[in-house]
Each structure stands twice: as structure tokens, then as C-alpha cells.
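The values are calculated or read from the model by the stated rules, or taken from the named source; none is laboratory data. Source: prediction; values computed, not measured. Here the Cβ positions follow ideal geometry from the backbone for every residue, glycine too, while neighbour counts run over all protein chains shown. Keep in mind that these areas ignore ligands, DNA and RNA; they rest on the heavy atoms of the full protein, side chains included. Shrake-Rupley method; radii C 1.70, N 1.55, O 1.52, S 1.80 Å.
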Amino acid sequence: MARTPRKPRKAAPASRQRSGLIVALLAASGTFSLFLIAALAWGWSVYYAPGPSARTGDTTVVTLPSGSGVSVIAATLKEAGVIRSIDMFKAAATLTGADRKLRAGEYEVDSRTSLRGVLRLLTDGRVVRHYVTIPEGWSSAQAVDILNAKDVLTGTVEVPREGSLWPDTYEVSRGETRAAVIARMQSAMDRNLAELWAKRSPLTVVRSPEEAVNLASIVEKETGLAAERPRVAAVFSNRIRMGMRLESDPTIVYGLTRGRPLGRGIRQSELTRDTGYNTYLISGLPPTPIANPGKDAIAAVLSPPRSEDLFFVADGTGGHVFARTFDEHLANVARWREIERQKAGAAPVAPTPTPSAPAQTAPVQGEAVITLNPTTGGR
């Protein structure tokens, strides 16, 4: 039996094919959009979500070396436990443009700081800053003690030459060597001393920048009042002109301790001990400075005011009273001794005739009692 041939199917209209394709594309696009939205929502939540907790304490200190790229920075942060994902950090840095603004340095990141917070910290450059301060009038040995106590610094250093450091506050970075900081302090002294020396007055008695630092170190140790330094400098300058000994108590202390605090008053026996620095015994300046003087003390030595003062003694208020003559000075000393007795709660003593030569009494540490015999230039 013969089969009836089938009729060929008619092709679907082109419009129907296009409609199907559009539907498929729309479906795919919708799926991709949903996926993209979900991905963005997830990334956004990660970007703002709290980060890892600090492993110890409330913060994490992390140092990013200079020249580090985004990959190295991300790896460093991940190793320190500051971020959860290296890839997420790199993606966030790239999408926000932070990858071009990241700054090296030492950072202190609070526990659970978000990825956004970490990026802002690094782009703002809010690095941890460390400072060391060398006060005016401190010795080089004390300066080394300060540097040794700063645990962000590394390495060891010998006590530098006395008077070679410029007292100031210096910013230091973690891992910097103590020797490098000392070198910066010495460069600052050389630079500032050269500027001050160029402006010296004809009234100065020092003949070199080194002598200026030497005498300024004594001025610095004699008074803690900036306003008094020019007048103290004038006293010592006058004494040098006249060939009189300086008789400065701080030189006695330095000869005994080499720049560390004595912790007590000067003893009678120490007044006559020849340490090489005792300006009650030696003429002129000591062999080296006795501290690292500051700008004001050096300037006072290089431009001392005109004065006839040759003596000074503590006045009981933190300052000093000055005198031109030996008799005036002895009267000032008597007043100071009475103040000392009153502070100690002792009964006042009857006045005694003014001696013709200085009494052999031990001065108080840090408060000069210059009692040099003006006629002989020595004891």
C-alpha cells in the first residue's frame, strides 16, 4: 500500500525566531544581572564589614616598606592579620583608585577595622610618628640613654663627643638605627653652630666655634632661665678677659660623673679634687664641653651684653642675683645661706664680719656660688 507523502513543514516566521532570541537574551541578562547584583552586594558588604580582630591587644602595628606595590602591601597586611583576603584588598584598591595613593610607613590599625577603613588609613598616610627629645643642657651620655630607651630604634652606639649634639625634638621611624639618629643630631649642631658663629659679636671672648660650645655648655648648666643666660654669659666672659678662674659648680660635677646627675650636693673634698674639669682649680675653659648647649646659650656666649658683673649666686626663687664687686657678692652669698637655713628649718644665725677672703664652703649643686678672690685670680 503506497504511503501518502508528507507535506514539508513551513519555517517559523523570522519575527518569531527573533522573539525567542530576545527572550533568551533577556533571561540570560536577568540571570547575569542578578548574579552581578549579588556579587556587588557581597563585595560591598565585605568592603564595609568589620575586619579581623587584632591578635593581641586592641591594635595591630604593621610596617609597609617604601616602594612596596599593591601585591606586597596586601600580602603584608594579610600576614599581619589586618585583612581577610589579598584578592579582595587588591580588587577594592583598584576599583576605588586607592592603588595609586597607598603610602608606605608604620601604621597602627584598630582591631576589626573594615577594608574601607584600612584603605583610607593607607591613602591618608596616617602613619605612626615617633619622637625623641634631647633637652638643652643634657650630656651626650644622657642623650644615648634616651635613644637606648626608644625601642623602635635599632643598633648600638658609643657615647658621642660631648657638645656635638644639637638639642631638639627629632622624628624617628621604626627600625632606624641609633647611629643614624646621632648623625642627624650632629649634622644639626654643625649647621646651626655655623649660622650662629657667622653672627658673632666683637664682644665675644671665644676664639672658635668649639670654644663657643664649651663656654655655652657651662652657661646652660648654670641657669635654667633663658632670660638669665646672656647675663651669666657676660659674667664668664668678663672673668675670661680678666684672667680669673670660672669657678663653675657644674664643671666639678662633670669631672666626677662625666655627664650623669650627681644626685647630691657637692662635697667639700670635691671642691679641691683635680679631675681636669674643676674650674675652681684650672684656668680658662675645661678640656671639653660639659653638656650639649642649646641655641640661646650659644647665642649668649657669641653676643654677650656689656656688663661689669663678675659674680652671681642663687636668689631663692630659681634665679640668681649678680654682683660687680667681691663685697657685694659676699653679702648676696650671706642672704642665700640664710634662705637655705630657713628652707631647712634651722634657726637664723647672727651676722658675722665680712671676711677678706672667700669662705671654704661647699656650694649647692647646680647653683653656682662664685667666691673667687678678685685680687689673686685664684683660691
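Checking the stated criteria, TRP138 turns out to be of a type in the set (Phe, Trp, Tyr), open to solvent by 30 Å² or more (accessible area, probe 1.4 Å) and more than 17 Å from TYR47 (Cα to Cα).
Taking THR288 as the residue in question, decide whether it is under 26 Å from LEU193 (Cα atoms), in contact (Cβ under 8 Å) with a residue 24 or more places away in the chain, surrounded by fewer than 21 Cβ atoms within 10 Å (Cβ to Cβ) and of a type in the set (S, T, N, Q).
So THR288 passes the test.
Scanning region 105-155 for residues that are in contact with a strand residue (DSSP E or B) (Cβ under 8 Å, 6 or more places away or on another chain) and within 30 Å of ILE218 (Cα to Cα) turns up TYR131, VAL132, THR133, ILE134, ILE146, LEU147, LYS150. Selection of region 197-246 for residues being among the charged types (D, E, K, R) and in a loop (DSSP other than H, G, I, E, B) yields LYS199, ARG200, ARG207, ARG245. Residue-level analysis places VAL72 among those that are surrounded by fewer than 17 Cβ atoms within 10 Å (Cβ to Cβ), part of a helix (DSSP H, G or I) and in contact with a strand residue (DSSP E or B) (Cβ under 9 Å, 6 or more places away or on another chain). Suppose the filter is of a type in the set (A, V, I, L, M, F, W, C) and open to solvent by less than 10 Å² (accessible area, probe 1.4 Å); does ILE252 pass it? Yes: the conditions hold for ILE252. Considering THR133, THR154, THR113, the condition of being in contact with a Gly (Cβ under 8 Å, 6 or more places away or on another chain), surrounded by fewer than 16 Cβ atoms within 10 Å (Cβ to Cβ) and hydroxyl-bearing (Ser, Thr, Tyr) is satisfied by THR154 alone. Here region 165-194 is the region considered, the condition is being within 16 Å of the chain's Cα centre (by Cα) and of a type in the set (S, T, N, Q), and the residue that is surrounded by the fewest Cβ atoms within 10 Å (Cβ to Cβ) is THR169. Is it true that ALA234 is closer than 28 Å to THR317 by Cβ and open to solvent by 40 Å² or more (accessible area, probe 1.4 Å)? Against the criterion (closer than 28 Å to THR317 by Cβ and open to solvent by 40 Å² or more (accessible area, probe 1.4 Å)), ALA234 does not qualify. Only residues that are of a type in the set (Lys, Arg), loosely packed, with under 13 Cβ neighbours inside 10 Å and not in a helix (DSSP H, G or I) were counted across region 89-103, and they come to 0. Within region 212-264, the set of residues being more than 22 Å from SER303 (Cα to Cα) and touching a Pro at 6+ places or on another chain (Cβ under 7 Å) comprises ASP249, THR251.
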